[in-house]
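Data first, discussion second: the structure below is written as structure tokens.
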Amino acid sequence: MRILTNICSDNLARSRDFYVELLGLEVKYDSDWYVQLCTADNRDIEYGIIKRDHELVPVDFQTNPGGMYVTFVVADVDVTYQKALAMNLPILQEPRNEFYGQRRFLTRDPNGCLIDVCSPWEAE
């Protein structure tokens, strides 16, 4: 089995650049209707971005995302947070340690998708 997450976008280039710059994802495939990103250390971990109004996306699902979010686990959430600040991204929650052992911050991607960026932490 293979699981691939795809999100919809009104601006593929802007969305692609957001994930490449913030998270260091690499471009695996790039076209005028679909972009596929992957992690540098495992090209089988993929994240797709499809043009929102493409014929493959049913009309009822061509709306802004709601009721879901995507989590990216990174080596150091505070380093990624500093990148987010430098990119002038909207910060919905500043980094904080959560009860379940993750330190995380929340932002929004160019498509309105809630993005959870986190790293494991242990209480001292």
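The values are calculated or read from the model by the stated rules, or taken from the named source; none is laboratory data. Treat the numbers as computed from the prediction; the structure is a model and nothing was measured. Methodologically, a virtual Cβ is constructed for each residue, glycine included, from the backbone with ideal geometry; neighbour enumeration extends over all protein chains shown.
Filtered by the rule that a residue be in contact with a Lys or Arg (Cβ under 6 Å, 6 or more places away or on another chain) and of a type in the set (Val, Ile, Thr), region 1-46 gives a lone residue, Val35.
For Glu124, the stated conditions hold: it is assigned to a loop (DSSP other than H, G, I, E, B), among the acidic types (Asp, Glu), at pLDDT below 95 and surrounded by fewer than 17 Cβ atoms within 10 Å (Cβ to Cβ). Taking region 88-97 as the search range and keeping residues that are out of contact with any Leu (no Cβ under 6 Å at 6 or more places or on another chain) and in contact (Cβ under 8 Å) with a residue 12 or more places away in the chain, which one is nearest to Trp121 (Cα to Cα)? Selected residue: Asn97.
Please determine whether any residue of region 48-57 is among the charged types (D, E, K, R) and under 13 Å from the mean Cα position of the chain (by Cα). No, the conditions are met nowhere in region 48-57. For Leu106, indicate whether it is in a loop (DSSP other than H, G, I, E, B), of a type outside the set (Asp, Glu), surrounded by 12 or more Cβ atoms within 10 Å (Cβ to Cβ) and modelled with pLDDT of 95 or more. In short, no. Taking the criterion of being assigned to a loop (DSSP other than H, G, I, E, B) and either touching a residue at least 40 places away in the same chain (Cβ under 8 Å) or surrounded by 12 or more Cβ atoms within 10 Å (Cβ to Cβ) (or both), the residues of region 54-80 that qualify are His54, Val57, Gln62, Asn64, Pro65, Met68, Val74, Ala75, Asp76.
Among the conditions (1) closer than 14 Å to Phe18 by Cβ; (2) free of Cβ contacts under 8 Å to residues at least 24 places away in the same chain, Lys83 misses just one, which is (2).
Scanning region 34-53 for residues that are outside any strand (DSSP E or B) and surrounded by 13 or more Cβ atoms within 10 Å (Cβ to Cβ) yields Thr39, Ile45, Arg52. Candidates are the residues of region 81-92 that are out of contact with any Lys or Arg (no Cβ under 7 Å at 6 or more places or on another chain) and part of a loop (DSSP other than H, G, I, E, B); the one that is surrounded by the fewest Cβ atoms within 10 Å (Cβ to Cβ) is Asn88. Among the residues of region 1-16, the ones that are loosely packed, with under 15 Cβ neighbours inside 10 Å, more than 11 Å from the chain's Cα centre (by Cα) and not in a loop (DSSP other than H, G, I, E, B) come to 2 in all. When Ile45 is tested against (1) modelled with pLDDT of 95 or more; (2) under 16 Å from Leu4 (Cα atoms), just one condition goes unmet, and that condition is (1).
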